[in-house]
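Heads up, the thing below is written out as structure tokens.
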Amino acid sequence: MVNSSQLRDAFIEAQLAGDRVRGLELMADGLASGMSVKDLHLEVIQQAQQEIGRMWVANEITVAREHAASAIAQLALAQLYPHLPRAESNGWRVVLACVEGEQHELAARIGNDFLEMAGFDVIYLGADTPADAVVEALAENHAHILALSITMSYHWPALERTIRTAQNAAPDVMLVVGGRAVEDKSDALTEMGVVCSAARADVMVERVSAEVAKRGRL
Amino acid sequence: MSDAHTVQTLRREFVLRCDPEGTIEHADAVAERYGLTPQARLSDRVAVDSHTKLKDFLARAQEKTADRWEITLLVEDAPMPVSVSGAAGDGGIWVVGNVLPQEFEVVMGQVRQSMAELADMHRTAERQQRELLRRNEELSRLNRELDDSARGMIVLHHEVEEKSDSLRRMSEVKSRLVSNVSHEFRTPLNSILGLTRMLLSRVDGELNEEQEKQLQYIRRSAESLTELVNDVLDLSKLEAGKVALRTGTFPVKELFSALRGMFKPLVPDPGVELVFEDPPEGFPDLDTDENKVSQVLKNLISNALKFTERGQVVVRADLPEPDKARFRVSDTGIGIAPEDQARIFEEFSQVESPIQRRVKGTGLGLSLSKRLATILGGELTVESEIGRGSTFSLVLPRQHPEVREMERLDQEAAELDPSRSQVLVVEDDRQTLFLYERYLRGSGFQVIPARSLEGARRKLEKIKPAAVVLDIMLDGESSWGFLRELKSRPETRDVPVLVVTVTNREHKARALGADEFCVKPMDREWLIRRLENIGRYRGAVERVLVIDDDEVSRYLVRKMLADTQYQVIEAEDVHDGVRMAQLERPHVIFLDFVLPTGTAFDVLDALKIDPRTRGIPVIIQTSKSLSDEEVAALSKDSTSVISKQSLSREVAIARIREALLQAGLGPATLATTASAEGV
């Protein structure tokens, strides 16, 4: 079995080189060597993305490089998507969106895939979704859960705005929030009426699943 | 606005100086435009995510130089990425910033958007594919379920078939049982009737008044019991579909006058009048089975008489539709309650009433009549009101549907089809004729129907058929004689003949050489007449051999012939009978069908073998219905024998071919018929 850290390093290398073919090959290698899709998500793609972020902060790479790297990460997620091990549908419908202004959608993508694996039915709205669009999608899809993704903390005001709008328009919808900006913010979020939150996609989905299990299958 | 100011607004580059902690000491106009004013802390103007980076940048700049660091400024709460370079100087850090080209950012955003959309499309496609797979699986599962249920259906179907088979068998067993039991009743009943008649005829001496009365009672009881047995037998025959239709043209007026004559002595009560209203002038004749119509009317009239104590029973006929005739029997009797009106047509059902208890009846009459009506293609209905009387109506087609069909067949046969070989089918049963016609339609053979031997003879004068299909069952005519006739005449000798028969005791017996056949009880006069007839053809009859295990039957024959010139010899079983026949050489033999050690066939066979007994006429007696026997006996005298039960188009054609081949008809003819038929 391929070592996940080796795979991650190789993947970062491919991302920085802008070599998408290599990136996809690495994913295929990981799958072929028996790595689980979840591990590829969390141990390789997500961590690589964090490393890319760190490199930007350390001014080792430019934002252009970062964009190219996330494009390759998106591609890798798309490649893994058909292989997701899916639980039986639990009947719960989730509208998933990045808050207004948030351009980092990789975390949301990973959240989407983890929700699907756990048996949720996900309506994915993508990056930078205005609060009104979120509310519209909730109604249109008769969603039971609204999941918001926030990576950069300076989008916090947008998060608060979206939560308020959603609570007014659809008070029965369960609110969950995930993303890097959520770290250490769970108390504040609970106060805002958010039922679960976590920075990591797997933890967040675990919590939502537990909550859903508590409330019973629809 | 000065040129310098214009240049300022176009510039996207700013310069500022800060202390090592990031507090701005000096800023140019562009920096101030982005909120980077003196005294402000840089960390307050930079997005949270860039705090660490800012710190590192300042540390690096103080040490030597920091070149092109990307940091996110917050300008009026909106993030704005800038590229900054810094170096120590003038006791602080000089920072030169560059707003990243807006366009670059926008295009980058668009590319990211496209990327996300592509990813979305990919996912949607993937989801759809998964949905398709799921549906496909669902369909396969459904398919499997359907397969399973289809298999289940087949199994069920089999079960139903088996059940219905066993029901059919049971019903067959039932009707056979009924008819057997009825026949078993008949033997003793015949004995009782025969003996009472004999006693009443005073052959054995005078009777006193009391004895005569008693004997009359016995006879009446035996007669009503016989009536019941006959009804039961009729019904079981109808159920088994063994009733042949005998149609003919007859005027209603004549039917009425026959019935009138029949009922004249039977109207019991002087208070009741039986009226037959003759149909109006010009009332068309009916073309259907007169006997069956008469049987239904007899039933209805005798019922009406039974349940009418005072008043009239009126019988009339009319035409409710041009093609239909209606007979109505109305009485002024007790009537039938509406709730009972459907029930009265059921077997053994009788409505409880004081009159009902008084009058005798089998409870089968109406059920029988209803079935007869169906056979006639008609319907039997009742209208009634308690206390006022009932009207039973029999509505039937003026011409029986089979007659119409037959006419069509006759018309078709009137024109010979030169492209087909003619087959003369001599068959009295129309249904069977239709069957032949259907079987041979389009086969290269044309059916020329003949419903009697007379008709067959007439047809033979006009045409020479390729083959003759002969039903040995023809009522009242000797098909065997006709067969002999065909075989002896030079012009028909080479025409192959197929003998078709159903297994039936009477006809088998005839086929085996029996000259007469009767059903017990025998009538004395009939008996004498038969014997005279036989005598007329064969010379004087003196010795009569009776082979019968039933003592009473033997006794009855003996008594009947007591005062005649005939001498009666008796035997009880097959062996005895044959021995007596050889020994005594009787002039005629009365043979019971079923004997303790065998059947009449055994006797007939034995008689035929011996030249001394071969010529003795045999009269078969029976009171029991017959079981299937070998057909081989028949085949001796005929080209081929097939049973109607196994008659099919294939068999019929194959047999006709065989017969044609045997008759030496060239295969050329066969080839054309075969190709015409497409075999």
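The values are calculated or read from the model by the stated rules, or taken from the named source; none is laboratory data. Owing to the predicted nature of the structure, the values given are computational and were not obtained by experimental measurement. Reconstructed Cβ throughout: ideal geometry from the backbone, glycine too, with neighbour counts over all protein chains shown.
A few comments on the model shown:
- Residues of the range A:113-146 satisfying the condition of being buried (at least 20 other Cβ atoms within 10 Å of the Cβ), within 23 Å of A:L84 (Cα to Cα) and of a type in the set (D, E, K, R): A:D113, A:E116
- Test: B:L156 is part of a helix (DSSP H, G or I), out of contact with any Pro (no Cβ under 7 Å at 6 or more places or on another chain) and at the interface with another protein chain (Cβ under 10 Å from one of its Cβ atoms): no
- Within the range B:49-69, none of the residues are in contact (Cβ under 8 Å) with a residue 40 or more places away in the chain and touching a Lys or Arg at 6+ places or on another chain (Cβ under 7 Å).
- The residues of the range B:34-44 that are touching a residue at least 24 places away in the same chain (Cβ under 8 Å) and surrounded by fewer than 21 Cβ atoms within 10 Å (Cβ to Cβ), listed by number, are B:Y34, B:G35.
- Residues within the range A:110-121 that are under 20 Å from A:Q50 (Cα atoms) and facing another protein chain (nearest Cβ under 10 Å), tallied: 2
- Conditions (1) more than 11 Å from chain B (Cβ to nearest Cβ); (2) of a type outside the set (A, V, I, L, M, F, W, C); (3) surrounded by fewer than 21 Cβ atoms within 10 Å (Cβ to Cβ): number failed by A:H41: (3)
Here's the yes/no breakdown for (1) within 12 Å of chain B (Cβ to nearest Cβ); (2) buried (at least 22 other Cβ atoms within 10 Å of the Cβ); (3) assigned to a strand (DSSP E or B); (4) of a type in the set (F, W, Y):
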{"position": "A:H155", "(1), (2), (3), (4)": "yes, yes, no, no"}
{"position": "A:E160", "(1), (2), (3), (4)": "no, no, no, no"}
{"position": "A:R164", "(1), (2), (3), (4)": "no, no, no, no"}
{"position": "A:V177", "(1), (2), (3), (4)": "no, yes, yes, no"}
{"position": "A:L189", "(1), (2), (3), (4)": "no, no, no, no"}
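- If the condition is being within 12 Å of chain B (Cβ to nearest Cβ) and part of a helix (DSSP H, G or I), then the range A:78-109 contributes A:A78, A:Q79, A:L80, A:Y81, A:P82, A:H83, A:L106, A:A108, A:R109.
- Within the range B:71-91, the set of residues being at pLDDT below 90 and over 19 Å from B:R33 (Cα atoms) comprises B:G89, B:D90, B:G91.
- Hey, B:Q113 at negative phi and modelled with pLDDT of 85 or more or not: no
- Test: residue in the range A:23-30 that is over 25 Å from B:L100 (Cα atoms), surrounded by fewer than 19 Cβ atoms within 10 Å (Cβ to Cβ) and either within 14 Å of another protein chain (Cβ to nearest Cβ) or touching an Asp or Glu at 6+ places or on another chain (Cβ under 8 Å) (or both): yes
- Yes/no for A:A137 being in a helix (DSSP H, G or I), within 14 Å of chain B (Cβ to nearest Cβ) and at pLDDT below 90: no
- Just so you know, in the range B:83-101 the residues that are part of a strand (DSSP E or B) and free of Cβ contacts under 8 Å to residues at least 40 places away in the same chain include one that is farthest from the other protein chains (Cβ to nearest Cβ), and it is B:A88.
- When residues in the range B:102-130 are screened for being away from every other protein chain (no Cβ under 12 Å) and surrounded by 12 or more Cβ atoms within 10 Å (Cβ to Cβ), 0 of them pass.
- Pairs with Cβ under 6 Å, 6+ apart, first in the range A:51-67 and more than 13 Å from B:I71 (Cα to Cα) and more than 9 Å from every other protein chain (Cβ to nearest Cβ), second part of a helix (DSSP H, G or I) and of a type in the set (G, A, S): A:I52/A:A69
- Unmet criterion (only one of (1) among the hydrophobic types (A, V, I, L, M, F, W, C); (2) outside any helix (DSSP H, G or I); (3) within 15 Å of the chain's Cα centre (by Cα)) for A:A143: (3)
- Only strands (runs of 3 or more DSSP E) whose full extent lies in the range B:1-77 are considered here, and the ones with at least 1 residues that are among the aromatic types (F, W, Y) and within 14 Å of chain A (Cβ to nearest Cβ) are B:65-75.
- Hey, B:R371 at pLDDT below 80 and assigned to a helix (DSSP H, G or I) or not: no
- Scanning the range A:122-134 for residues that are on the phi < 0 side of the Ramachandran plot and within 10 Å of chain B (Cβ to nearest Cβ) turns up A:V122, A:Y124, A:L125, A:A127.
- Residue selected from the range A:53-98 under the condition over 28 Å from A:A137 (Cβ atoms) and β-branched (V, I, T), by the criterion surrounded by the most Cβ atoms within 10 Å (Cβ to Cβ): A:I72
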